[in-house]
Amino acid sequence: MVTFAPSLMCMDFGKIKEQFEVMDKYVKLYHVDIMDGHFCKNMALTPGILKSFRENTNKEIDVHLMTTNPSDWIEMCANAGATYISPHAETINTDAFRTMQLIQKLGCKCGVVLNPATPLNYVESYLEYIDIMTIMTVDIGFAGQKFIEQMYDKIRQAVQLRNEKGYHYKIQIDGHCNKENYRQLVEAGADVLIVGNAGLFGLDSNLDIACQKMQHEFEQCMTAEAV
């Protein structure tokens, strides 16, 4: 069963309570991007905003740390209510085991994020710790980029590796997930699809209608091509 994870940087911050009341009816996981302006040349959400999200929902929240020094952020995010904490593989290769142990010690689940150019073998040594693997299908930092087609093979490789080794991680896709590629992503083996403006928030000014459209577009994609 595929799960949708709304990217909360796309929501209307003037209507946080009302929007969570709507989204909670449709999804069970949210995605929060935290950027430091260094590892990722952009700025997004903060642990303080994450705390306000947690006060308005009891659904799971995955925190994507686009930061050069994720250890500076992990405890703050755990205290603010993160369910998963997902640092970038490219930032923890010198202390990956210590990082995963810290995340677990703080009561959170472990995630890891791979940039499009980062191969799976970069993280193989600690995949037994991983609860959710996020595969970036665009380069990090800015919305509206073109989907990188080579990532379908990477998703299939992640599925194969999970099956061969008996790992338990979910495979989450971040970047340009919408009706253009829903079916291909699911067929490749994706478990979680992160949706932003194109997949959810831009579908209608009424968020309830937008959520319904998201579900309808997904169902339409999955049946139309199966005929």
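None of the figures in this text is laboratory data; all of them are computed from the coordinates on show. Since this is a predicted model, take the numbers as computed values, not measurements. Neighbour counts are summed over all protein chains in view; Cβ atoms, including those assigned to glycine, are modelled from backbone coordinates with ideal geometry.
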Relative contact order [Cα under 8 Å, 6+ residues apart], the chain, whole percent
18 percent
Work out from phi, with θ = phi - 60° and the Karplus expression 6.51 cos²θ - 1.76 cosθ + 1.60, the ³J(HN,Hα) of each residue of region 119-130, listed in order in whole Hz, and give x for Gly and Pro.
x, 4, 5, 5, 10, 4, 5, 10, 5, 5, 7, 7
Considering only the other residues whose Cβ falls under 12 Å of the Cβ of Gln160, what net charge follows from Lys and Arg at +1 and Asp and Glu at -1?
+2
If the reach is capped at under 17 angstrom between alpha carbons, list the aspartates and glutamates near Lys15, excluding any in the same chain fewer than eight residues apart.
Asp24, Glu55, Asp204, Asp208
Not counting the cut sites, what is the longest span of the chain without trypsin sites (Lys or Arg not before Pro) that DSSP labels loop and that have at most 14 other Cβ atoms within 10 Å?
42-145
Tell me the mean residue ellipticity at 222 nm calculated for the chain from its helices only (DSSP H runs of n ≥ 4, each -39500 (n - 2.57), averaged over every residue, nearest 500).
-10000 deg cm²/dmol
DSSP beta bridges in the chain: the antiparallel percent, rounded to 5, is 5 percent
I need the chymotrypsin sites (Phe, Trp or Tyr not before Pro) found in region 126-183, filtered to DSSP loop residues with at most 16 other beta carbons within 10 Å of theirs.
Phe142, Tyr167
Along each principal axis, Cα extent of the chain, largest first, Å:
44, 41, 30
Region 85-200: radius of gyration and largest Cα-Cα distance (Dmax), Å
13.9, 40
Taking only Cα atoms of region 1-76, radius of gyration then Dmax in Å
12.8, 36
